[in-house]
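Comments concern the structure below.
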Amino acid sequence: MRVSARFILTATLAAILALSLAVAPVLSCPFCSASAPSLTLAEQLAQADAAVLVQWADGTKPTETSAGSTIYEIKQIVRNHKSTLKVGDRITLPRYRASKVGDLFMLMGSKGTTIEWGSPLEVSEASFNYIAQSPAPETPTAKRLAYYLKFLEYPDPLVANDAYGEFANAPYEDIAQVADQLPREKLLKWSTSPETPATRLGLYGLLVGLCGNKADAQAIEKRIVEDTEDFRLGIDGLMSGYLLLSGNDGLEVIEKTKLKDPSVPFSETYAAMQALRFMWKYAEGRIEPERLRESMRILLDRPELADLVIADLARWNDWGVQDRLMTLYRRTQEPPKKSANGEETPDPYNIPSVKRAIVRYMLVSSKDVAEDAVAGEDAKLPEHVVKGRAYVEELRKLDPKTVREAERFFFLK
């Protein structure tokens, strides 16, 4: 049997993306890159027992028997452990760090027998003040974000990356609370500029969706629909912001340009699917649930995405595709068809992940019963429950091994 290179590539990418969702650290911002710091500078400062601004004073270069040392002079104290630190004191750290007299660093340390200093963080006066004046982590998130808004795309990369990290680690609900404070024009510029770091595009697109207008939606649309063969990190956030602004009209554009066209790169279609998920979870009422279900169903035509789509449809209580999925499953049990030259043509849906997804879909549908329903009395059960139970029994006879595998890790949503 031969499988097309395109199918292998897209199926592999789908598996990688799905696995990354399962094992990667969960970021609160739905579309923020995993490159965001796990601990922001404010969080590091909060955990430190001592923190000081120092300048490079002197150092001993390493030799064959020594790593050398570096001497720093305290210029300003942010956190003073037991009042043991004074401006003008000198701190000697092991290992030589090349620099020049007067260069600024921030040192943060934890208490022990003596203060155990961490690695020096090179700073400017501006970045040091940014850290020293940052709100404490226990400050309400929405209030903290108002501070960091001013530093998105700040000229100092240390500051800009950290401000981005604060948004990346913030719950979407808190981000939405600062919508009226967002710098709309700046965000639109960043969202549509090729100069913007790709890791931040998803966040900026989402923020435009929270504060933008109709004209902004049209500007974002141009970037979304442009032809590309590249993997565009953050385009899912841009699509979500676009849907927040444009609603049903925007969804039609996404369907036409990303969901229905099989020539579109897999990564673009996957990003569109992520945008649908976002709208379902976070933007209740902006687009009707049934309309989102219709869009998700389109992706059943993409075998490389089918297992993920089927799982979403089950979570969304979309039981209108029961018959279609059962037909697909029956087809996978048939002998492979042969082409005109006699070669077998494999069914693209005949893969374990898709088959397990269909089984789980039927299991969920069979248990979607109201609390006041009478168990066992099919006449009083919804049609999809009766049908789901019948299909589950058929599947047990048709493919008992796959049903056992699917049930092994099955949890009712």
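The values are calculated or read from the model by the stated rules, or taken from the named source; none is laboratory data. What you see is a predicted model; the values in this text were computed from it and never measured. A quick note on method: Cβ atoms are made from the backbone with ideal geometry, for glycine too, and the neighbour counts reach across all protein chains shown.
Show the residue pairs meeting these rules: Cβ distance below 6 Å; 6+ apart or different chains; first residue within region 39-51 and buried (at least 18 other Cβ atoms within 10 Å of the Cβ); second residue in a helix (DSSP H, G or I).
These pairs meet every condition: Thr40/Asp162; Thr40/Gly165; Thr40/Glu166; Leu41/Ile131; Leu41/Asp162; Ala50/His81; Ala51/Leu45.
Taking region 109-124 as the region of interest, how many residues are over 24 Å from Ser66 (Cα atoms) and either touching a strand residue (DSSP E or B) at 6+ places or on another chain (Cβ under 7 Å) or not assigned by TED's automatic domain parsing to the domain that holds Ala67 (or both)?
3
Every residue, every condition in (1) in the same structural domain as Val208 (by TED's automatic domain parsing); (2) assigned to a loop (DSSP other than H, G, I, E, B); (3) β-branched (Val, Ile, Thr), yes or no:
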residue: Tyr147; (1), (2), (3): yes, no, no
residue: Tyr154; (1), (2), (3): yes, yes, no
residue: Val159; (1), (2), (3): yes, no, yes
residue: Phe167; (1), (2), (3): yes, no, no
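Can you say whether Ala370 is modelled with pLDDT under 90 and either in a helix (DSSP H, G or I) or of a type in the set (S, T, N, Q) (or both), as far as the supplied structure shows? Spell out how you get there, then give the answer.
Numbers: modelled with pLDDT under 90: yes; either in a helix (DSSP H, G or I) or of a type in the set (S, T, N, Q) (or both): no.
No; evaluated as a whole, the condition is false for this residue.
Where residues in region 293-306 are under 15 Å from Trp319 (Cβ atoms) and touching a helix residue (DSSP H, G or I) at 6+ places or on another chain (Cβ under 6 Å), which of them is surrounded by the most Cβ atoms within 10 Å (Cβ to Cβ)? Give the derivation first.
Initial filter on region 293-306 (under 15 Å from Trp319 (Cβ atoms)): 293-294, 296-297, 300.
When the remaining residues are screened for being touching a helix residue (DSSP H, G or I) at 6+ places or on another chain (Cβ under 6 Å), the result is 296, 300.
Numbers: Met296: 23, Leu300: 17.
Among residues in region 293-306 that are under 15 Å from Trp319 (Cβ atoms) and touching a helix residue (DSSP H, G or I) at 6+ places or on another chain (Cβ under 6 Å), the one surrounded by the most Cβ atoms within 10 Å (Cβ to Cβ) is Met296.
So in region 170-195, with the set limited to residues that are in contact (Cβ under 8 Å) with a residue 12 or more places away in the chain and part of a loop (DSSP other than H, G, I, E, B), which one is surrounded by the fewest Cβ atoms within 10 Å (Cβ to Cβ)?
Pro171
Taking the residues in region 201-258 that are aromatic (Phe, Trp, Tyr) and part of a helix (DSSP H, G or I) as candidates, determine which candidate is farthest from Asp174 (Cα to Cα). Lay out the reasoning, then the answer.
The first filter runs over region 201-258 and keeps only residues aromatic (Phe, Trp, Tyr), leaving 204, 231, 242.
Add one more test, that the residue is part of a helix (DSSP H, G or I), and what stays is 204, 242.
Working: Tyr204: 15, Tyr242: 20 Å.
Per the stated criteria, the residue is Tyr242.
Only residues that are in contact with an Asp or Glu (Cβ under 8 Å, 6 or more places away or on another chain) and charged (D, E, K, R): list them for region 270-297, please.
Arg277, Arg293, Arg297, listed by residue number.
Among the residues of region 42-68, count how many are in a strand (DSSP E or B) and under 42 Å from the mean Cα position of the chain (by Cα).
Adding up the residues that qualify gives 7.
When only residues in region 79-108 that are part of a strand (DSSP E or B) and at pLDDT below 95 count, which is nearest to Gln44 (Cα to Cα)?
The residue in question is Arg79.
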